[in-house]
Amino acid sequence: MGLLYEADKTFDQLMKEKKNFIFIGEAGSGKSEIVLNIAHMLAEQTGKKVDLYDLDQTKPLYRSRDMAEAFAKEGVTIHYQDQLLDAPSAVGGVAVSLMGDGYTLLDIGGGHSAARMAGSYSHLLSKEDSVPVYVVNPYRPWTRSVEAIDGTMSHILRSCRLDHIYILGNPNLGYATNVYEFTEGVEKLDELFEGITTVNTVCVRDDLYEDVKDETDKFVLPIKLYLTYEWVD
């Protein structure tokens with residue numbers, strides 16, 4: 001996979017070097033939770049303007065837009081367009097934000113319609129201040145082989161008209177993930193990408209961070225679970 005990008009860097013290093021992030025990930029990968037966390041961290045740590053564009057059109061739940069009101073109080077503006085059934089919807093202001101001085105995050109999901117939409121900004125996203133990020137959850141059925149991952153990434157990147165991507169690991173089985181499942185997931189990631197690249201950063205639920213940070217030599221990024229719903233046990 002010649003499209004892998006800056007694999008020697010941890011994600012916290014990229015957060016210091018880049019201002020534009022485009023997040024790709026299949027449903028269930030935990031992508032939208034991660035996007036929200038990165039947006040919140042950037043706003044809190046830098047005090048700069050943070051714009052998050054929710055272009056995810058693959059699912060009606062667990063979307064960044066659900067936190068728009070709460071995050072506005074934290075210095076993060078979440079932009080989205082109401083969607084009717086499965087009709088694609090465009091969100092205005094993306095290009096201006098990508099060229100601005102603040103941070104811009106695009107949450108495009110795994111859908112090709114959103115990826116094609118993001119392709120209209122490829123001339124900006126291909127610059128040195130931008131990085132496409134693919135969130136890989138090794139427990140999801142469509143990421144159990146490197147061929148499946150490569151196929152999805154390559155297809156979406158072609159739709160986005162981009163030619164490189166950064167791999168961010170998110171080994172979890174949902175809200176009740178424990179230490180063993182996290183460490184086993186890290187091993188699965190290493191097995192998936194053995195001989196191809198090294199996944200240098202993995203995410204973990206914040207309340208597990210202290211228990212797992214010394215269980216791996218990777219950079220561990222603690223994340224809060226913002227997208228919780230009353231019907232989730």
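The values are calculated or read from the model by the stated rules, or taken from the named source; none is laboratory data. Note that the structure is predicted; figures quoted are calculated from it, not measured. Every residue, glycine as well, gets a Cβ built from its backbone with ideal geometry; the counts of neighbours run over all protein chains shown.
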Exercise for the section: Return only the number of the condition from (1) crowded, with 21+ Cβ neighbours inside 10 Å; (2) at pLDDT below 95; (3) within 18 Å of residue 103 (Cβ to Cβ) that residue 29 does not satisfy. Expected result: (3)
Fill in the blank from the handout: Restricting the stretch 118-133 to residues that are within 19 Å of residue 31 (Cα to Cα) and at pLDDT 80 or above, the one surrounded by the most Cβ atoms within 10 Å (Cβ to Cβ) turns out to be 132
Exercise for the section: Read through the list (1) in contact with a Lys or Arg (Cβ under 9 Å, 6 or more places away or on another chain); (2) at pLDDT 85 or above; (3) of a type outside the set (D, E, K, R), then give the number of the only condition that residue 22 fails. Expected result: (1)
Problem - Positions within the stretch 35-53 being buried (at least 22 other Cβ atoms within 10 Å of the Cβ) and either assigned to a helix (DSSP H, G or I) or not hydroxyl-bearing (Ser, Thr, Tyr) (or both), in sequence order - result: 35, 36, 38, 39, 42, 50, 52
Exercise for the section: Scan the stretch 159-176 and give yes if some residue there is in a helix (DSSP H, G or I) and at pLDDT below 80, otherwise no. Expected result: yes
Exercise for the section: Specify the residue that is nearest to residue 12 (Cα to Cα); the eligible residues are those in the stretch 54-80 that are surrounded by fewer than 15 Cβ atoms within 10 Å (Cβ to Cβ), modelled with pLDDT under 90 and not charged (D, E, K, R). Expected result: 61
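Filtering the stretch 195-215 down to residues that are at pLDDT 90 or above and surrounded by fewer than 17 Cβ atoms within 10 Å (Cβ to Cβ), which residue is nearest to the chain's Cα centre (by Cα)?
The residue in question is 206.
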